[in-house]
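I have placed the structure first, in the form of structure tokens, so that the comments after it can refer back to it.
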Amino acid sequence: MLRKRRVLRAAVMGLVALIVATACSGTTGGPGATGTAKAELAAVQELTVATAADGYRNDDKRTTIGMYPLNANIFDTLVTLSPDYQVMPGLATKWEFRSPNTYRFTLRSGVKFHDGTPFTSKDVVWSIQRIAKQGGGTVGVSEQSAVAVDDLTVDITPKGQNLRALQQLVHPTWSIAKAGSDAAKPMGTGPFKFVEYVKDQRIVVEANDDYWGGKPTLRKITFRFIPDANTRVLALQAGEVQISDIPKESAKTITGDFTVSRSKVGAYEAIYVKIRPKEGYDLGQDKAVRQALAYAIDKKQVVESVWQGNAEVIQTMIPPAILGSEAGRITGTDRDVAKAKKILDDAGWKAASDGIREKNGRKLQLTMVVGFPNADTHKPMPEFAQAQLKEIGIDAKIVTTPDTASYEARLAKGDGDLWVEAGSQNDGNPCFLPDLLFSSPIPGGDEESNMYGNSFAPGESFDATIKRCREATSTADVQKAAADAMKLLVDEQFVVIPLAGTYRINGISKKVLDFVVHPAGVQQRWDSVKLAK
Amino acid sequence: MLGYIARRLLYLVPVWIGISILAFALSLIAPGDPARQVLQQGGIDAPSPEQVTAMRRELGLDQPGPVRYVRWLSSAVRGDLGRSIRTGEPVLQSLADRFPRTAVLALIAVTLGLLIAIPLGIISALFRESSLDQLARIGALVGASVPSFWLAYLLILLFAVRLRLLPVAGAAEPRNVILPALTLAIGAAASLTRLTRSAMLEELVQDYVRTARAKGLRERAVIVGHALRNALTAIVTVTGIRLAALLGGAVIVETIFAWPGIGKYVVDSIFNRDYPTIQGFVLFTGTIVLLVNLTVDVSYVWLDPRVRLGARNR
């Protein structure tokens, strides 16, 4: 799983969107479906897609061409992730957990690689060994982790105890390649075959007519790397590409011969409150302050005004769908200024003449750090939150860091009270984000690994809950434990204030049919897409 | 002449070493852990301490700074700038692959800028305070004031989205270079027009111009052969500076137009704390800037023989 790191964003998005909107004519699209398969299909089924900057690695040890971050559907994984975050069969048709730490996968029969050779368990073993040589990946595998039981059965045993391996294996970095294949010439079993990769320019794939999931209608897809988000939209408006992502800030203002389609919630915007002490940044230790913060911010306004309706209020930080029916147990908070004020009054925080509260001669002043994955992603939410906090007598000072590295450097030092982050859920493991962000630091452990824990870990009760989440062996138990952990964070300790779940938004030519936006970008499927006349 | 060039080359050595120290020091003072970055690039969002330690060792980051500098510099002079943390490719190869595109863009933009600026600047100076001059000055002022990203979007909207004459972005075909080159050329032309005008105005009132006219030279010969040649020293200097800056990568324009040049590549590297690439880039472009400056210096000898005489006198 990876939280998205948007590396470049034009500072003038809104202004440019306005120009685009006024300069272009055409029909205004709206959120919804992308067409039906009933339309007459075009004779030429060739699609061009605008995608962000080329993020592939291309070296002998860690090549990710076709896999990640752009999943060109050249490869399959053993298991896949549905748009509602459920683990589904992929190259494995079924699986079972074998205590203490092994998943046994039964592989799909009759599957062939793009060169016609049959897919077997030795390809799985080889692919897992390749990742082991790179360090073991998220699952934490060694070269001995994957064992072929027979041609169509494979056991995977992580190096350390990891019962979440199944949910992690949906990520495309766990793609299965042909044993012995050259990673620079991707050889998979996916619905599309590799044709060409031109660094920083494009990757081209063509239909794999022998695909086990059915012959794709599209004959060819060209993914063009266009790093600037505005340019991607302009390419869509000019008709150079048929699909492009659209920044949520401009989704309502951009017009053209395309519709706008959005996914379910896959990403989130949240404020973490520093609960652990650091000189000068210790006010978050006061539970009343954390609770008041949670009631101060109007999440509906964040969604409607800041994100212009391209998000929805969530109380779980991670996408609620991944928690299943357990998500409903987390009630969260809505804006209630009177309640927030009363909580602070009762805790002894009294408003001074300037409106800012004080207690024992100390002003209620908090530092809000904004910068993950970069500061521009959040604009203008921090200023909006700052104004709302002022209403209840909290003076929030905004500090922006330009990018992830400088944000994390500051977080490692713990210099801040409130930490604004945007992230996304890219695999099926509901424990991952709560575990990463809120588990207690390991004494003597890596400084940076512990940086979140050093600021946000609420302590033993949470650690016990997340341990339960890590060790659960059924989906229901995982969801229950993850929901318990989230409830503790959101409803009991107020250590995180989930603000909004954000959608992935795409502009899609009206000729494109059956394109379903997956909430996790790395899981996007292309094999059902068609082009109408 | 050769002695002059040799002397100038010698001056470059300490400057180049200074650049190398600066390039290397960047990696020591910037925040972020490249080892963690490599692991995260590979899809591991929360690498374990063991994975980070192993990666630091693999990347040589466990060595002290001075040791790393000496190793890096000795490899660099042998043409090995290391491997990119982000892409895994050899840095020198990556820079060399992308530099021709940046060079093409920069050369076209500067040439286009000069083709616009020099005639416009001369006309503007010759017809000082005329409406033509006013128009040229306003145009130059606007051209110099408009940010390149703004101009880039406007040009895309006009030529690609509305008129559908040119592609929006990419580098798949030769005509892809037109819009980014035009964007950069307009900015270059604006400042060079102003410079040409003021340099020409300065020269046109000189005694040698009056003498040339008095001895019956044709006006064209006076303007081009005498006044412009003297004005060129300033124009060449500024053109050299602008060209050197563009050869280092027109970051914004390359990003907007998805032009796979050196500028966009290095910005991606900066965001990803790809130190080997950043270091290599600073050294590479520092060297390019030094060479461009050397070329400009040498061109003075041709433009103004007094430079050569001055060199002899020393």
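The values are calculated or read from the model by the stated rules, or taken from the named source; none is laboratory data. These figures come from a predicted structure and were not determined experimentally. Neighbour counts are summed over all protein chains in view; Cβ atoms, including those assigned to glycine, are modelled from backbone coordinates with ideal geometry.
The table that follows gives values for the structure above.
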read-out: Residue ID - nearest to the other protein chains (Cβ to nearest Cβ), chosen from residues in the range A:225-262 that are part of a strand (DSSP E or B) and within 19 Å of residue B:157 (Cβ to Cβ); value: A:244
read-out: Breaking point among (1) at pLDDT 85 or above; (2) assigned to a loop (DSSP other than H, G, I, E, B), for residue A:419; value: (2)
read-out: Filter result for residue A:513 (under 30 Å from residue A:458 (Cβ atoms) and buried (at least 21 other Cβ atoms within 10 Å of the Cβ)); value: no
read-out: Selected residue (only one of B:28, B:59 is in contact with a Gly (Cβ under 6 Å, 6 or more places away or on another chain) and either more than 8 Å from every other protein chain (Cβ to nearest Cβ) or of a type in the set (S, T, N, Q) (or both)); value: B:28
read-out: Which listed residue, of A:196, A:143, is of a type outside the set (Gly, Ala, Ser), over 22 Å from residue A:225 (Cβ atoms) and assigned by TED's automatic domain parsing to the domain that holds residue A:219; value: A:143
read-out: Residues located in the range A:170-209, provided they are in a loop (DSSP other than H, G, I, E, B), in contact with a Ser or Thr (Cβ under 7 Å, 6 or more places away or on another chain) and among the basic types (Lys, Arg); value: A:178
read-out: Which numbered condition residue A:332 fails, given (1) closer than 30 Å to residue A:428 by Cα; (2) in a helix (DSSP H, G or I); (3) of a type in the set (Gly, Ala, Ser); value: (2)
read-out: Pairs with Cβ under 6 Å, 6+ apart, first in the range A:53-66 and more than 7 Å from chain B (Cβ to nearest Cβ), second aliphatic (A, V, I, L, M); value: A:56/A:65; A:63/A:183; A:63/A:184; A:66/A:72; A:66/A:74
read-out: Breaking point among (1) farther than 30 Å from residue A:305 by Cβ; (2) surrounded by fewer than 24 Cβ atoms within 10 Å (Cβ to Cβ); (3) aliphatic (A, V, I, L, M), for residue A:260; value: (1)
read-out: Per-region count, the range B:91-107, residues within 13 Å of chain A (Cβ to nearest Cβ) and touching a Gly at 6+ places or on another chain (Cβ under 7 Å); value: 5
read-out: Spans of helices (runs of 4 or more DSSP H) in the range B:222-307 with at least 3 residues under 27 Å from residue B:31 (Cβ atoms) and either away from chain A (no Cβ under 13 Å) or among the hydrophobic types (A, V, I, L, M, F, W, C) (or both); value: B:262-271, B:275-303
read-out: Extreme residue, surrounded by the most Cβ atoms within 10 Å (Cβ to Cβ), among residues of the range A:296-324 that are part of a helix (DSSP H, G or I) and without any contact (Cβ under 8 Å) to a residue 60 or more places away in the chain; value: A:304
read-out: Candidate set from the range B:86-114 (those that are surrounded by fewer than 18 Cβ atoms within 10 Å (Cβ to Cβ) and polar (S, T, N, Q)); member that is nearest to residue A:198 (Cα to Cα); value: B:93
read-out: Residues within the range B:218-277 that are surrounded by fewer than 20 Cβ atoms within 10 Å (Cβ to Cβ) and hydroxyl-bearing (Ser, Thr, Tyr), tallied; value: 2
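Conditions (1) more than 14 Å from every other protein chain (Cβ to nearest Cβ); (2) within 30 Å of residue A:136 (Cα to Cα); (3) modelled with pLDDT under 90; (4) within 24 Å of the chain's Cα centre (by Cα), marked per residue:
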position: B:64; (1), (2), (3), (4): yes, yes, yes, no
position: B:85; (1), (2), (3), (4): no, yes, yes, no
position: B:109; (1), (2), (3), (4): yes, no, no, yes
position: B:114; (1), (2), (3), (4): yes, no, no, yes
